[in-house]
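Step one of this worksheet: look at the structure below.
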Amino acid sequence: MKKIIALFGIVALLMSSCSVSKAVRTQRNLLSGTWVLEDVSYKDNTGNFSSILFNDAKDICFEDSTWFFRDNNSTGRYTLSSSSLCNGGDRYIRWSVVDRADGSTAQLQFKFIDADHKDIDGGLGYRLNIASLTPTDMVLESNNRVDGEPITVVYRFAKK
């Protein structure tokens, strides 16, 4: 009988260690749905900047892009409009929220998948710090380096 109780205790411990925290569940629920990326800017930097984001397109192509996050299977997509500077269309992603062990800001991570939900970049992915997240607004940030100097790209979203 003691072995059965111990076994149930171990199983319960393993199940609880594999589950996501309440904070991550809350953020996943808030993220779920459709968002519009209203602005891409560069924090605490002066001058004109232009960059290729996510090895995909110029930063200007992401402004007014639509992002969709499906909570129940962690898939989604973002859609860029076509223009002379931008190759428009859907980019499919698998996403998650990472609760960082050091207590710092949680992160949105994603990687590219095809329409059949298969990885297309050999596991290459991206992490963005969740600077703020409410039911209507979201600000994500990514820390990068340009010519050896730190730069923070800021992505401002509004819920559609």
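Any read-out appearing in this document is the output of simple, stated calculations on the displayed coordinates, not a laboratory observation. Computed from a prediction, not measured in an experiment: that's the story for all the values here. Quick reminder, even Gly has a Cβ in these numbers, built from the backbone with ideal geometry, and neighbours come from all protein chains shown.
Structural remarks
- When residues in segment 108-127 are screened for being among the acidic types (Asp, Glu) and either surrounded by 10 or more Cβ atoms within 10 Å (Cβ to Cβ) or under 14 Å from the mean Cα position of the chain (by Cα) (or both), 2 of them pass.
- Within segment 137-148, being over 25 Å from residue 31 (Cβ atoms) and either in contact with an Asp or Glu (Cβ under 8 Å, 6 or more places away or on another chain) or surrounded by 11 or more Cβ atoms within 10 Å (Cβ to Cβ) (or both) holds for one residue alone: 146.
- Among the candidates 130, 151, residue that is surrounded by 11 or more Cβ atoms within 10 Å (Cβ to Cβ) and closer than 19 Å to residue 69 by Cβ: 130
- Hits in segment 71-101 (condition: over 19 Å from residue 138 (Cβ atoms) and surrounded by 15 or more Cβ atoms within 10 Å (Cβ to Cβ)): 86, 92
- The number of residues in segment 22-70 being part of a strand (DSSP E or B), surrounded by 14 or more Cβ atoms within 10 Å (Cβ to Cβ) and either in contact with a Pro (Cβ under 8 Å, 6 or more places away or on another chain) or without any contact (Cβ under 8 Å) to a residue 12 or more places away in the chain (or both) comes to 0.
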